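To start, the structure under review is shown below, and the notes come after it.
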């Protein structure tokens, strides 16, 4: 088994990868999405940064701030942040990285406002080292799922890997594990796909790869 870490989204239909771990609000047709956890992304900054630059009170105030920005689909700099009630707001980044931990570190070092997974920053918000910015305004829900192609015969090693990841997440992550009915509508057809357990998948040569998106 080969495991590849990347912020870029790979196309599973091309055959180079068998399975991926991905965070998204929805998943494309033809994909089986096994939910692992559900989380939010929120905007945060350090108290020192906010005391020096002011605390945004409205979305338009973000224009006057240093935004620490990631990469959309791991490929191009993000130019929009999500609104809790739907839609997006345009932002201009002062610092860009496709590595969440680097954005997290920059926020801790008083460099600006970052949009990050709540699970990553929750303890720091509770301890006061970070402050949520525009709570209830700048945020979005995200689903983390193990995904693989929808097909009649799922290779046993793919199914075993997916089962192991889902089971590990339930026991160790401590996040909300969504039930099938909680999945986004776009993912529902894939999530309902069931393969007969009695059938055997054709043998596959070794060396196929799994991909995990950070």
### Query
Which residues, taken from segment 86-108, are touching a residue at least 40 places away in the same chain (Cβ under 8 Å) and either within 20 Å of residue 8 (Cα to Cα) or not assigned by TED's automatic domain parsing to the domain that holds residue 60 (or both)?
98, 99, 100
### Task
Being out of contact with any strand residue (DSSP E or B) (no Cβ under 7 Å at 6 or more places or on another chain) and not in a loop (DSSP other than H, G, I, E, B) is the filter; apply it to segment 71-85 and report the residue that is modelled with the lowest pLDDT.
72
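Yes/no matrix, rows are residues, columns are (1) under 21 Å from residue 67 (Cα atoms); (2) at pLDDT below 95; (3) more than 19 Å from the chain's Cα centre (by Cα); (4) not assigned by TED's automatic domain parsing to the domain that holds residue 96:
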position	(1), (2), (3), (4)
110	yes, no, yes, no
113	yes, no, no, no
119	yes, yes, no, no
128	yes, no, yes, no
134	yes, no, yes, no
146	no, yes, no, yes
150	no, yes, yes, yes
156	no, yes, yes, yes
159	no, yes, yes, yes
### Task
Restrict the check to segment 59-80 and report whether at least one residue is farther than 24 Å from residue 128 by Cβ, surrounded by fewer than 15 Cβ atoms within 10 Å (Cβ to Cβ) and not assigned by TED's automatic domain parsing to the domain that holds residue 125.
no
### Query
What pairs come up if the first residue lies in segment 120-133 and is without any contact (Cβ under 8 Å) to a residue 40 or more places away in the chain, the second is surrounded by fewer than 16 Cβ atoms within 10 Å (Cβ to Cβ), and their beta carbons are under 9 Å apart, counting only those six or more places apart or on different chains?
120/101; 123/129
### Query
Which one is surrounded by the fewest Cβ atoms within 10 Å (Cβ to Cβ) among residues in segment 8-52 that are outside any strand (DSSP E or B) and at pLDDT 90 or above?
52
### Task
Could you identify the single residue in 104, 95, 124 that is surrounded by fewer than 17 Cβ atoms within 10 Å (Cβ to Cβ), in contact with a helix residue (DSSP H, G or I) (Cβ under 8 Å, 6 or more places away or on another chain) and not in a loop (DSSP other than H, G, I, E, B)?
95
### Message
Filter segment 55-70 down to the residues that are out of contact with any strand residue (DSSP E or B) (no Cβ under 6 Å at 6 or more places or on another chain) and either part of a strand (DSSP E or B) or within 22 Å of residue 142 (Cα to Cα) (or both) and list them by number.
### Response
70
### Task
Check 43, 20 and return the single one that is under 22 Å from residue 137 (Cα atoms), touching a strand residue (DSSP E or B) at 6+ places or on another chain (Cβ under 7 Å) and touching a residue at least 60 places away in the same chain (Cβ under 8 Å).
43
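The values are calculated or read from the model by the stated rules, or taken from the named source; none is laboratory data. All of these numbers come straight from a predicted model, not from anything done at the bench. For neighbour counting, all protein chains shown are included, and Cβ atoms are generated from backbone atoms with ideal geometry for every residue, glycine included.
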